1. What distance in nm lies between label points placed 7 Å from Cα along the C-beta direction at A:Glu405 and A:Ala27?
2. Sequence-distant or interchain residues sharing an amide H contact under 5 Å with A:Gly571, placed H: which?
3. For the range B:162-298, with only Lys/Arg (+1) and Asp/Glu (-1) charged at the beta-carbon, what is the dipole magnitude about the Cα centre, in debye rounded to 20?
4. Counting only residues 5 or more places away or on other chains, whose amide H sits under 5 Å from the amide H of A:Cys91 once H atoms are built in the peptide plane?
5. Residues in the range B:32-75, backbone N under 16 Å from the label point at B:Cys85 (7 Å along the Cα-to-beta-carbon vector): list them, ranges by number please.
6. Am I reading the B/A interface right? What is its buried accessible area, both sides, 1.4 Å probe, to the nearest 100 Å²?
7. So if I take the centroid of the Cα atoms in the range B:109-175 and the same for the range A:371-390, what is the distance between those two points in Å?
8. How large is ³J(HN,Hα) for each residue in the range B:65-73, as worked out from phi by the Karplus curve 6.51 cos²θ - 1.76 cosθ + 1.60 (θ = phi - 60°), to whole Hz, x for Gly and Pro?
Amino acid sequence: MSTVRKDLLEKIDRLELSPRNRAWRAAMKAAGWRVSPDRERWTVKSWKETEGEDLEIRRAKLLACILDNLTIAIQPYDEIVGRPTPWVIGCQTSFDVCGDYIPGIWNDSGDFAATLDASVHIDAEGLEILRESARLFRVKTMPEMTYKAWEALVGSWEKDAEAAKLKDPSLDSAITGQSTSVLHWDKILKVGLRGYIEQCRQHIEAARTAMETDIRKIYFWEASIICLEAVIRHANRYADLAESLAAASTESEEREHYLRIAATCRRVPEHPASSLREALQSMQFCNLAKMLENPIQNNAHWGRGDQYLYPYFIKDIDSGVPLEDEASLLADLIGRWGTQTFVSSGSQKESHQINFGINNVMVGGMGADGKDRSNELSYLFLHLVSLLHLSSPTVGLRWNSQTPEWLMNKAIRTNLATKGGIPLFENDDAVTASFVRDGIPYEEAVEWCGLGCVYPTVPSRSEHYGAEGVAAFNLAGILHMTLHNGRDINGKQTGLATGEGRDYKDFESLYAAFLTQHRYLCHRVLWLGAVARDMGHEYLRLPLLSILGIDASMDLGQDLMFPHPDYSLFGISDRAIIDVADSLTALKKLVFESGALTMEQIMDALDSNFAGAEGERIRRLCMNQPKYGNDDPEADSLVRRISQDSAAIIHSFDNSPFPQHIISREGLAWHYYGGLGAGALPNGRKALEPLNDGSLSPMRGMDTKGPTAVLRSACSSCFSDVAYASVLNQKFSSSVAASPDSVDKLIAYTNAFMSAGGTHIQYNLLDTEQLKEAKSNPGDYSDLIVRIGGFSAYFVQLSPEIQDDVIYRSEFEL
Amino acid sequence: MSEALISNIQGYSIHDGPGIRTTVFVQGCPLRCRWCANPENLSRSPKTGFLSRLCRSCGTCLTACSKGAVLPGPRRIDREKCDNCGDCVKVCDTGALVQYGSFMEAGDVFEQVKKDDMFYRASGGGVTVSGGEPFMWPEFLEELFSLCRGAGIHTCVETCACVSPDSIRALIPLTDMFYCDLKIMDPELHREQTGADNALILENARLLAAESSVVCFRKPLIPGVNDCMEDISATSSFLKELGVPRLELMPYHRAGKTKYEALDMSYATGELSPLSPAEAEETGKLYISYGIKCTVSR
């Protein structure tokens, strides 16, 4: 955007959180976690009433029953209304989708874990409601039926692979039933749900005229109408409530506030939005209904929020709506979506380590006309996210060669304000080009946005990433099996018998065995995923998500639980490439080239987890071999080789008639989980310890040639030739962006990396607390350089007293 | 090809000149400033150091030394016997024993510097040679900067200026920017604090002001040494006389203390508390009151 309003940007820079936003934040922080039995109560009632009806219609009526009866509330600090429970933080459960998936409900105390570290309590009456639902739905749901099918095909093999952390998520975890989570916001805001209903009616009429024989289409459109009408009624329940609150208000300002809410809820989501307030309120009702349809898949993604919301925002500004009011509305929804909770299950707990639903907003980036679309709203998103200080949403900036300097500057300053990671930078040109390479037309590809943490997707397609239980694939676990004749971390023969580690005589036969194990496991996992894909629709339908999420569903008359080859994307993530590459490099150097050690010695050391003086000596030798991240051609070339071979194996799986799998190597907190799937590795990592973070981050403390060498290594990995998200995390002391001059330098650094073909980078700017942590855990921070003009040293080399000086400086510079 | 003794080549240096830079630290220095932050860069020969807090007492180093210079205790190196050969460093896996300095040819240093060209181009950066004193290795400097010039890489050198004017004059055509230290104006105090007279330094400062394309004068700000009105006034007059009324203050810090300990060297100002940027800003304001455009470095 060449005509950005600089005065508006300056006003945004001065914005603070509104009193309502602050009141919400205080209430949110004070609130305990709660689980509501409300959804299950109405689920059970509806399911009993609709027995004998078509599954599509039953699922629609189930949602309608929930929306019509759920207890609702409006809080005094609400700008936007609509929550799954009456409380500021509360979650609903989904036994109808996952079966008996919360073991804790059978504990009579009523206390159980909602996520890895959040506990909830529910009273006896509520507990009985949850149990009744669990009894009604268990052994009949999609994940449970799929596990039965898998067992019929491969016995216990799949469960063994899951237990060995070779693949995740498990099917009963949150991703079940996932399809695209980015609703088609642009259309929802433009036509309103009434427009969708009209289109469904026309399709039903036309189908009758044409003597359509596929009744599933008619049921789908009818189910869609049932859901959409229920969402409109739900909004009107809020309008009624707001009106009654207004009537009870004694202050005129408060009364006007409630009347404004009532008027908004009367209008949207039924009708097209005409202001930012209506647009955001419409989005919240649609998202809320989507979540109530399938609470375990509750992620509320913005997609390109700065694009479809911009016309409403700028029209409001031009007509005199104060910027503060607009910001307060937007901050409300960012905060609401960032603190959406759920009861996680299965591998989701361990592999994601999150408490809030992951949601994602992408700012900036190209339009279909080949021009950058960054605007003042992109800037406002960044500003509000830094004020809110929440772990969610994930914010990404679509970097391209036209990204304006003012947005980059704000992005780096937001990184400083949030201590890093917000926003992360993704290479817009590279992602779009990858989608085009994979057969998506440019006009669709250029609208790509983030799903979950960093996974790029195209909102016009239904996304099955992980939905079939095959999202992440642990190459470190496969290396472990290669060194143990196909036995996994639990000692089970999950892989092929390719030979014992100690018997390998040359590097190439070891490498060939690794690829053999990889192919065997990968193709089996993808095969089982395809089985899941083809049977899911028998047990689950998601009419609301289908009609609002995938534009093509309308014309096809098809629920996205029946994936359509032209509108579906399948994703997989082959992870731990750096761990495997460094390990194989160490074996190559130490055993097959220098002969410093024998395979026998190495295997003894690995199997004893580097125990004793000899084990420690071998571990040190392993650590001192060339490592990725130092621009070392030998170490980096093996990374490239594994990347390409792994992709070739994935792509050799015949996924027809669907497109071949898209490879996305993102990680989030997975490296802890993946680490549980591998014993000691020849890169010097001990058994069960976390793997390397991200997908292109060097082994912790092993990038000794400085940050620019890491970027050169990352570029030479050529991940973007075959994969999408290739996450690189870099740590700096926060002083690296403390002055305007150093902000400019970090911008230049980012630009240089992206221009050279880097795909993704996120900065971790260590604050005082983290520097203190570095002081007590030097091993994890041995790459941290102290940057003072004319002085050079690694932080961990400094004595405690001097480290305190450095910490003091960083405090001051903030 | 000429060599220099290099202690470190640091990428993404952002405080040593314009843009993103690679700073090449060389060893050897004619001065012995009491506050020096890089004691490993004083000597023109490699030095073995011991960072006790990284030691895991594995004992491997004890048998690696043929001179019997490695001791079992917290003071690991017997400096009487040690010839800084580095044999003990080679067997140390924890990073506790470190070798400061390895000889590198100008061409090899250039190859390393050139790798970050994409960052220089994006930021207007380049290479900075620092130390120690770069002019301890004049032929190396000339060769390195000639190669950089040929590759379009911006060149910068940080000098204490206590070096031969001829060597500076020879480098001027190859250098885009000089940092020149003006530590203390009073000759007697200068001798006491740095071990050398400042006449040569002032002469070179005049030379740089007159003939170099860009010169940036710097002053390490040492509490109780050169933060007095006498030095502020004399420095300001001198800078105005040169026609370069700008100064960058480098507030004293003691981040080098660990390295003194590692080298078993005594640190004259080691007990001095570091200056906060706010305190340095106060001195900066005094310079500004004398008509000097003064900035405080981080």
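The values are calculated or read from the model by the stated rules, or taken from the named source; none is laboratory data. Please read all numbers here as calculations on a predicted model, not as lab measurements. Neighbour counts run over all protein chains shown; Cβ positions are idealised from the backbone, glycine included. The accessibility values were calculated without ligands, DNA or RNA, using every heavy atom of the protein model including side chains. Shrake-Rupley method; radii C 1.70, N 1.55, O 1.52, S 1.80 Å.
1. Once both label points are built, they end up 4.4 nm from each other.
2. Residues meeting the amide H criterion: A:His464, A:Tyr465, A:Gly466, A:Ile662.
3. Taking the Cα centre of the range B:162-298 as origin, the dipole is about 420 debye.
4. Here the answer is A:Arg34, A:Val35, A:Ser36, since their amide H atoms fall under 5 Å of that of A:Cys91.
5. Once the point is set 7 Å along Cα→Cβ of B:Cys85, B:46-49, B:61-71 turn out to lie under 16 Å by backbone N, inside the range B:32-75.
6. 3800
7. If you average the Cα positions of each part, the centres end up 41 Å apart.
8. Using θ = phi - 60°, the values come out as 9, 7, 9, x, 9, 9, 9, x, x Hz.
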